[in-house]
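Heads up: the structure comes next, in structure tokens.
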Amino acid sequence: MADRYQLGVAGLVHDHVWAELAKWKETGQVDIVAAADPNAPLQERIANEFGVQQLFSSVTEMLENSEVDILQVCTSNAGALEVIEAAAERKIPVVLEKPMAATLEQADRMLSAMEEAGVLFFVNWPNRWRPPTLRAWEQIQQGVIGEVFQARVRMAHRGPREFGCSDYFCDWLYDASQNGGGALIDYCCYGAAAFRYLFGMPQAVQAVAGRLAKEDINVEDNAAITLLYEKRFAIAEASWSQIPSYHDAVYLGSKGTLWTDAGKMWVAYEEGEQRELPVEPLPEGHRTGPESFLACLKSGESPGDVCSPQICRDVQEILQSGLQAAQTGQRIQLSS
């Protein structure tokens, strides 16, 4: 296995790309050698900030004219499919930003292509690398609050544009054909991924979604999907109109309640009492998406928890069923 890898960047319109590129550099194991995006200002930015000299207007052009060992995909949700299939043909390992795709059909095609190619496929979730998120999942799995009968993950801010996202990012986030929807796809996906990982696939979903606060967009700005299990329901909430921002979770169990709040984790077992639980740092080598991806690449192991493309495929089914439930007002049974 190589000591250093050459990274190609497919798409620069997903604002997560800039933080991820910094994390790739921090590994000390990767050279960012090429990037493909049709937007000249974004090409200039990656050249200036990361010294990338091989710049292309399309991913096909980049793959035909540069040598890359790894692809970081930061296109729109819908734009990722073409990139993934091209990478699969060339057997290039891929890191893809969450959720996975704009539709379930796209996710299924991605998964099939990469499985047939037999190369590493890793879906990156920013909150996966926040210690309270992962430690809360571990506490749930260890049964510290007993059997969870209700859970809620709420992801909320004032909206992509108001939050500071670039025009390039907002252009496709506000386009249902490129995003898959609006806030439901962008932010309910976090809760759907956590619940799919912790509790498996739900039996059914019901949902609400609407444009409640913003007059200048054509997609929903608020949404909630309820995942229904035999003895549990879990709610994935999203808002593009909340002040202040909130990105945390609450788990109600038979013995107590566990929740995260602004970088901390708490538990309560008795009425009127609560205590803070320690939040251990993530282990070296698994502190970021790039670190964990490289660990998988070297060991040959598959990505764990929410980074697994199989789990993310199921998340896409939950999201698509949630959209259908919100549009029809009906409970949707899941096939998986």
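Every number in this text was worked out from the coordinates using simple rules, so none of it is lab data. None of the values given here were measured: they were computed from a predicted structure. Cβ atoms come from the backbone with ideal geometry, glycine included; neighbour counts cover every protein chain shown.
Tabulated values for the structure
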{"quantity": "Cα pair count fraction exceeding 26 Å, expressed as % - the stretch 5-126", "calculated": "11 percent"}
{"quantity": "Residue list for the stretch 180-197, given a label point 7 angstrom along the Cα-to-Cβ vector of SER302 and an amide N cut-off under 17 Å", "calculated": "196-197"}
{"quantity": "Greater than 29 Å apart at Cα, pairs in LYS255/LYS298; LYS23/LYS91; LYS25/LYS91; LYS25/LYS98; LYS98/LYS214", "calculated": "LYS255/LYS298"}
{"quantity": "Two-site label geometry, TRP266 and SER166: point separation in nm, points 7 Å out along Cα→Cβ", "calculated": "3.8 nm"}
{"quantity": "Dipole of the stretch 1-144, positive end: most advanced residue of PRO38, PRO132, THR103 [Cβ charges, Cα centre]", "calculated": "PRO132"}
{"quantity": "Packing rank of 16-23, 303-310, where each peptide gets the mean count of other beta carbons within 10 Å, highest leading", "calculated": "303-310, 16-23"}
{"quantity": "Burial ranking of peptide ranges 216-227, 178-189 (average Cβ count within 10 Å, highest at the top)", "calculated": "178-189, 216-227"}
{"quantity": "Electrostatic dipole magnitude of the chain [Cβ: Lys, Arg +1; Asp, Glu -1; Cα centre; debye, to 20]", "calculated": "820 debye"}
{"quantity": "Residue-by-residue Karplus 3J(HN,Hα) for the stretch 267-283, coefficients 6.51, -1.76, 1.60, Hz, glycine and proline x", "calculated": "9, 9, 10, 10, 4, x, 10, 8, 9, 7, 9, x, 10, 6, x, 6, x"}
{"quantity": "Debye log10 I(q)/I(0) at q = 0.12 Å⁻¹ for the chain, Cα point scatterers", "calculated": "-0.85"}
{"quantity": "The chain: DSSP helices with Cα axial extent of at least 18 Å and average Kyte-Doolittle hydropathy no lower than -1.0", "calculated": "104-117, 183-199, 309-328"}
{"quantity": "Contour excess over end-to-end distance, with Cα ends at THR257 and GLU230 and 0.36 nm allotted per residue", "calculated": "7.7 nm"}
{"quantity": "Segments 283-292, 96-105, 140-149 sorted - mean Cβ within 10 Å per residue, highest first", "calculated": "96-105, 283-292, 140-149"}
{"quantity": "Nitroxide proxy distance, nm - points 7 Å out along Cα→Cβ at VAL208 and GLU64", "calculated": "5.2 nm"}
{"quantity": "Size of electric dipole in the stretch 5-126: Cβ of Lys, Arg +1 and of Asp, Glu -1, about Cα centre, debye, nearest 20", "calculated": "240 debye"}
{"quantity": "222 nm mean residue ellipticity, helices alone, for the chain (DSSP H n ≥ 4; -39,500 (n - 2.57); rounded to 500)", "calculated": "-11500 deg cm²/dmol"}
{"quantity": "At R0 = 22 Å, FRET efficiency that the Cβ-Cβ distance of LYS25 and GLU276 yields, to 0.05", "calculated": "0.05"}
